[in-house]
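*Asks:* Structure below; questions to follow.
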Amino acid sequence: MSFYTGRYVQSHGASWNGFPLKVGEMTLGDYLRPLGMQVALVGKTHMKADVEGMERLGIDPESIIGVRVSECGFDPFERDDGLHGIGPDGRYDPKQPRYNDYLRDKGYQGDNPWHDWANSAVGDGNQIASGWAMRHASKPARVAEEDSETPYMTQRAIDFMEQTTTPWCLHLSFIKPHWPYIAPAPYNDMYGSNAVLPAVRSEQERENPHPIYREFMDLRVSRNFGRDEVREEVIPVYMGLIKQIDDQMGVLLDYMSRKGLMENTLIVFTSDHGDYLGDHWMGEKDLFHEPSVKIPLIVYDPRTSQQPARVCDELVESIDLVPTFLDAVGGDVSGQSHRMEGRSLGPFLGGEIPETWRSHAISEYDFSVLPVATKLNLAPRDARLFMVASKEWKYIAAPGFRPMLFDLVNDPQEFNDLGVDPQYAAVCDRMQNVLNAWGLRYSQRTTRSEQQIMAARGKSMRKGILIGVWDENEIPEELWSAYLGGER
């Protein structure tokens with residue numbers, strides 16, 4: 001939700017998939033629509049509507065306002081979170097995806113063709129080999145490549161562009177390479193195990209690790225990705241899924257070029273997280289090592305497209321995208337600084353270096369729903385982590401536990417946790433002070449801007465509120481105009 005609000009997790013509160021974003025939290029759509037832009041969604045968001053808040057305020061979920069509140073500010077051209085699992089307790093996502101209807105129309109039958117065709121292969125005895133079992137990753141999915149999820153979502157984005165007649169902002173959110181890890185031919189075997197880079201990990205990391213890190217390493221997904229045969233089976237397919245996205249981006253950009261859209265469309269390519277895939281003895285994305293928190297951010301700006309490409313190594317956060325978009329369409333970013341906590345990347349896009357920029361990046365993690373919290377006997381409110389990273393140091397605060405610390409200059413692979421070493425206590429203290437200052441920021445005063453507060457200073461006296469006056473002569477006579485005079 002930080003990508004959509006321009007605010008830190010601690011500010012907007014939606015700290016896990018399915019945790020509702022509270023009614024009233026402004027999002028990208030709320031900032032851009034007043035400027036005449038349509039703001040639409042194709043793909044996933046993991047947004048959960050604040051049904052309780054909507055009921056309290058009498059908001060009809062089927063109304064335009066209700067739909068936008070439910071879809072984190074987007075007009076959902078096609079919402080699909082790409083997780084349509086079915087288990088003993090029912091469906092993970094109770095809403096049937098349009099993609100299942102599309103597959104049935106194409107002849108892929110069954111109650112859940114998303115799983116049975118797009119995310120399964122043919123197994124022994126012509127049985128379905130579910131993509132949820134990673135041992136089947138290299139088998140080709142049963143669906144034809146042109147009907148798989150990534151080309152489907154690309155076409156839906158094109159459908160939107162074909163239909164819209166007003167200025168627009170489209171969030172195209174691909175589902176893959178998210179698990180289940182399985183790809184259609186030819187992407188399933190486009191790469192072999194010889195293309196897999198060695199895991200970034202060290203036995204040193206498993207010697208007396210931080211208690212929270214230890215428990216994350218002990219999760220099933222981490223234990224399995226700690227095995228070379230799992231990495232050699234899954235990672236080539238993961239690479240194939242990324243190649244499929246690359247190819248579909250080519251399809252999309254070719255379409256935009258033919259329609260002249262590359263001349264006036266700002267394009268941002270990014271991801272919401274990385275994936276360990278066995279690095280640091282981990283699977284998934286549950287800590288703050290570089291494979292998890294360092295994500296791609298590629299920006300095409302038609303205003304500077306004729307200039308040479310540039311690389312920026314400043315500390316950029318997900319909260320910077322909303323102000324960047326608002327800035328790009330001529331909105332007042334400074335006038336929203338009481339709400340948005342990020343900064344526009346506009347100067348960097350124009351080849352300028354801001355006079356001041358952040359010296360530290362902040363990231364947060366709420367692991368309250370995971371087995372790790374249970375094993376550590378943590379209450380939900382205590383199962384949280386905070387990262388403070390500069391270009392030299394990465395500090396991880398774990399309330400109730402010692403901190404973790406990595407020297408990014410001398411230990412760029414983050415093998416040696418210095419948080420337990422008393423020689424680095426001063427560094428830990430300095431980084432904790434940065435976190436403390438961040439924690440004291442204003443984040444909830446979102447109904448009055450800095451400019452409004454400045455303009456209001458000292459104005460109450462001119463509206464007859466004369467606090468602390470002893471003698472009438474202490475203040476200008478005009479301030480008494482409604483109070484002093486002849487007999488009444």
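Read-outs: derived from the displayed coordinates by stated rules, not from any lab. Fair warning: this is a prediction, and the values are worked out from it, not measured in the lab. Heads up, the Cβs are rebuilt from the backbone with ideal geometry, glycines too, and the neighbour counts pull from every protein chain shown.
*Asks:* Once phi is turned into θ = phi - 60°, what whole-Hz ³J(HN,Hα) does the Karplus curve with 6.51, -1.76 and 1.60 give for every residue of the range 428-433, x standing for Gly and Pro?
*Replies:* 4, 4, 5, 5, 5, 5
*Asks:* Quick one: which residues, 5 or more positions from TRP168 or on another chain, have an amide H under 5 Å from its amide H? H modelled 1.01 Å from N in the peptide plane, none for Pro or chain starts.
*Replies:* Here the answer is GLN38, since their amide H atoms fall under 5 Å of that of TRP168.
*Asks:* Okay, next question. Taking amide H positions as placed in the peptide plane 1.01 Å from N, state which residues far from SER173 in sequence (5 or more) or on other chains have amide H under 5 Å from it.
*Replies:* VAL42, GLY43, LYS44
*Asks:* Report the charge-dipole magnitude of the range 178-265 in Debye, nearest 20, computed about the Cα centre from +1 at each Lys and Arg Cβ and -1 at each Asp and Glu Cβ.
*Replies:* On the way: 10 positive and 14 negative charges, 40 e Å.
In debye, rounded to 20, the range 178-265 gives about 200.
*Asks:* Let me ask something additional. Considering only SER363, LEU345, PRO323, whose Cα is most displaced toward the positive end of the charge dipole of the range 320-376, charges sitting on Cβ of Lys, Arg (+1) and Asp, Glu (-1)?
*Replies:* So the residue we want is SER363.
*Asks:* Considering the dipole of the chain built from charges on the beta carbon (Lys and Arg +1, Asp and Glu -1) around the Cα centre, which of ILE86, TRP480, ALA157 is farthest to its positive end?
*Replies:* TRP480
*Asks:* Of LYS95/LYS285; LYS285/LYS394; LYS294/LYS375, which ones are farther than 19 Å apart at the Cα?
*Replies:* Numbers: LYS95/LYS285 26 Å; LYS285/LYS394 17 Å; LYS294/LYS375 28 Å.
Long pairs (Cα-Cα over 19 Å): LYS95/LYS285; LYS294/LYS375.
*Asks:* Let me ask you something else. To check my understanding: the extent here is largest minus smallest coordinate of the Cα atoms along each principal axis. What are those three numbers for the range 175-223, in Å, largest first?
*Replies:* Principal-axis extents of the Cα atoms in the range 175-223, largest first: 44, 24, 14 Å.
*Asks:* At most 15 other Cβ atoms within 10 Å plus a DSSP loop assignment makes a site exposed; report the longest stretch of the chain without any exposed GluC sites (Glu not before Pro). Provide the component values of the computation, followed by the final result.
*Replies:* Numbers: sites that count: GLU62, GLU207, GLU314, GLU352, GLU355, GLU392, GLU487.
Here the longest segment lacking exposed loop sites spans 63-206.
*Asks:* Starting from the Cα gyration tensor of the range 308-432, take the square roots of the eigenvalues, sort them a ≥ b ≥ c, and report rounded, prolate or oblate (rounded when a/c is under 1.5, otherwise prolate if a/b is larger than b/c, else oblate).
*Replies:* Values: a/c = 2.66, a/b = 1.57, b/c = 1.69.
Oblate shape, in that a/c is at least 1.5 and b/c is the bigger or equal ratio.
*Asks:* Calculated FRET efficiency, GLU162 and SER305, Cβ-Cβ r, R0 22 Å, to nearest 0.05? All intermediate terms of the calculation are to be shown ahead of the outcome.
*Replies:* Values: r = 23 Å, r/R0 = 1.06.
Computed FRET efficiency for GLU162 and SER305: 0.40.
*Asks:* Quick check: from the Cα gyration tensor, does the range 359-456 come out rounded (a/c under 1.5), prolate or oblate? Please list the in-between numbers first.
*Replies:* Details: a/c = 2.63, a/b = 1.39, b/c = 1.89.
It comes out oblate by the Cα gyration axes.
*Asks:* Also, I was wondering about something else. For the chain, what is the charge dipole size about the Cα centre, in debye to the nearest 20, if Lys and Arg each add +1 at the Cβ and Asp and Glu each add -1 at the Cβ?
*Replies:* Values: 50 positive and 72 negative charges, 103 e Å.
Roughly 500 debye, rounded to the nearest 20.
*Asks:* Of the trypsin sites (Lys or Arg not before Pro) in the range 289-375, which ones lie in a loop per DSSP and count no more than 16 other C-beta atoms within 10 Å? Spell out each step's value before the answer.
*Replies:* Details: sites: LYS294, ARG303, ARG310, ARG339, ARG343, ARG358, LYS375; in loops: LYS294, ARG310, ARG339, ARG343, ARG358.
Listed in order of number, the matching sites are LYS294, ARG310, ARG358.
*Asks:* Can you list residues from other chains, or at least 5 along the same chain, whose modelled amide H is less than 5 Å from the amide H of ARG384?
*Replies:* Under 5 Å from the amide H of ARG384: PHE367.
*Asks:* Would you tally the net charge around PHE74, using a Cβ to Cβ cut-off of less than 12 Å, leaving PHE74 out, and scoring K and R as +1, D and E as -1?
*Replies:* Working: positive: ARG33, LYS44, ARG68, ARG79; negative: ASP30, GLU71, ASP75, GLU78.
Computed value for this residue: 0.
*Asks:* Also: Using DSSP to call loops (not H, G, I, E or B), can you name the chymotrypsin sites (Phe, Trp or Tyr not before Pro) in the range 382-488 whose Cβ has at most 11 other Cβ atoms within 10 angstrom?
*Replies:* On the way: sites: PHE386, TRP393, TYR395, PHE401, PHE406, PHE415, TYR424, TRP438, TYR442, TRP470, TRP480, TYR483; in loops: PHE401, PHE415, TYR442, TRP470, TYR483.
Within the range 382-488, the qualifying chymotrypsin sites (Phe, Trp or Tyr not before Pro) (loop, at most 11 other Cβ atoms within 10 Å) are TYR442, TRP470, TYR483.
*Asks:* Kindly work out what percent of the DSSP beta bridges joining two residues of the chain are antiparallel, to the nearest 5.
*Replies:* Values: 23 of 34 bridges.
In the chain, approximately 70 percent of DSSP beta bridges are antiparallel ones.
*Asks:* Sticking with this structure for a sec: Treating the angle as unsigned and between 0 and 90°, give the value, to the nearest 10°, between the Cα long axis of helix 149-163 and the longest Cα principal axis of the chain.
*Replies:* 50 degrees
*Asks:* Here's a follow-up. By how many nm would the segment from ILE64 to LEU466 lengthen if fully extended, with 0.36 nm per residue of separation less the alpha-carbon distance? Don't skip to the answer; put the middle values down first.
*Replies:* Numbers: separation 402, 0.36 × 402 = 144.72 nm, distance 4.60 nm.
Fully extending the segment from ILE64 to LEU466 adds 140.1 nm.
*Asks:* Hey, another quick one. What is the spin-label model distance, in nm, from ALA133 to ALA185 if the labels are put 7 Å beyond Cα along the C-beta direction?
*Replies:* 2.1 nm
*Asks:* Taking the Cα atoms only, what angle lies between the long axis of helix 228-258 and the longest principal axis of the chain, rounded to 10 degrees?
*Replies:* For 228-258 against the chain, the angle is about 60 degrees.
*Asks:* Return the ratio Rg/(2.2 N^0.38 Å) for the chain, where Rg is computed over Cα atoms only. The partial results should precede the final answer.
*Replies:* Details: Rg = 26.2 Å, N = 488, 2.2 N^0.38 = 23.1 Å.
Working it through for the chain, the quotient is 1.13.
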